[in-house]
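Each value in this text was obtained by applying a stated rule to the coordinates, not by laboratory testing. This structure is a prediction, so every number in the text was calculated from the model and none was measured. Every residue, glycine as well, gets a Cβ built from its backbone with ideal geometry; the counts of neighbours run over all protein chains shown.
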Amino acid sequence: MTELQPLPDTDLARAARTYLSEISVEPLINHSLRSYLFAAHVARAQGLQPGVDFDDELVFLSCALHDIGLTAEGNGEQRFEVDGADLAVRFLRDRGLSADRAEVVWDAIALHTSPGIADRKAPEVALSFYGISMDIFGFGAEQLPREVHELVHAGRPRLDLARELTEIVVAQSVGKPGKTPPFSFPAAVVDQHVPDAGMPTFEQLVRSGPWGS
């Protein structure tokens, strides 16, 4: 029987789980914890050892807190990935996480919608990205046995995650231009789901500048 990677049981990991459960909604909580489980199994599939090749606690903290920018507490004026990264670092630094380890968490959260960048960063950033993107899109799911997929989803059901994420991103973006910088993931979601969102094309942006072309 394939066993799921247990969730880390450190003081910081427990604090992060409690915080997540207090400020987020169940579909996002489940998504965040599934992302860690997938990341841990990707590491195992790639022959990476926690404590040797990567810091497992940082992967957990990054995955667990990666979407807290989509909560009311994390809803600032920046794109949700950056708001979430800033909030996560404040939360973790207040509880004793060192500056260098916090920087890794910030990168993992801020870059989790940035394929081709996140996977070129530190192992913890890359593994977090792999776990998150596997849970959202199924990218790389073929690396893991079907039994792992079934166990992860049995323990943490999806609960119509796509609809939940879309509704939150769109709701947060109303009246806050800084939430949807052009060509970002949030901007793409809003452009696809809000009639007359008016997201500019690349050419329109260039031509509207002071140089005109």
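Multiply the residue gap between R158 and Q46 by 0.36 nm, knock off their C-alpha separation, and tell me the result in nm, one decimal place.
Additional length available on full extension: 37.8 nm.
Describe numerically, in nm with one decimal, the distance between label points set 7 Å from Cα along Cα→Cβ at F139 and at F185.
0.9 nm
Given R₀ = 30 Å, FRET efficiency for E77-R14 by Cβ-Cβ distance, to 0.05?
0.45
Output ³J(HN,Hα) for region 90-98: one whole-Hz value per residue in order, computed from phi by the Karplus curve 6.51 cos²θ - 1.76 cosθ + 1.60 with θ = phi - 60°, and x for Gly and Pro.
Computed from phi, the couplings for region 90-98 are 4, 4, 6, 5, 5, 10, x, 5, 5 Hz.
Based on the inverse mean of 1/r over its pairs of different Cα atoms, what is the Kirkwood hydrodynamic radius of region 149-193, in Å? Please report the intermediate quantities before stating the final value.
On the way: mean 1/r = 0.0843 Å⁻¹.
Evaluated over region 149-193, this radius sits at 11.9 Å.
Given the peptides 195-203, 134-142, arrange them by the average over their residues of other C-beta atoms within 10 Å, most packed first.
Per-residue mean Cβ counts within 10 Å order the peptides as 134-142, 195-203.
Mind listing the phi-derived Karplus ³J(HN,Hα) values for region 54-71, rounded to whole Hz, using 6.51, -1.76 and 1.60 with θ = phi - 60°, and x for any glycine or proline?
7, 9, 5, 4, 5, 4, 5, 4, 5, 5, 4, 9, 5, 10, 6, x, 9, 9
Taking amide H atoms as placed 1.01 Å from N in the peptide plane, list the residues 5 or more away in sequence, or in a different chain, whose amide H sits under 5 Å from that of F54.
Q49
Return the sequence-ordered ³J(HN,Hα) values of region 41-47 in whole Hz as given by the Karplus equation 6.51 cos²θ - 1.76 cosθ + 1.60 applied to θ = phi - 60°, using x for Gly and Pro.
Residue by residue, region 41-47 yields 6, 4, 4, 4, 4, 8, x Hz.
What whole number of Å gives the distance from the Cα centroid of region 141-213 to the Cα centroid of region 1-73?
When both Cα centres are located, 22 Å separates them.
Please report the projected area of the chain's Cα convex hull averaged over all directions, in nm².
With every direction weighted equally, the projected area is 13.2 nm².
Defining a contact as two alpha carbons under 8 Å apart and six or more residues distant in sequence, what relative contact order in percent does the chain show?
24 percent
Using a Förster radius of 41 Å, what is the FRET efficiency between E103 and V194 based on their Cβ-Cβ separation? Nearest 0.05, please.
0.75
Rounded to the nearest 0.05, what FRET efficiency is calculated for D94 and S21 with R0 set to 22 Å and r the Cβ-Cβ distance?
0.75
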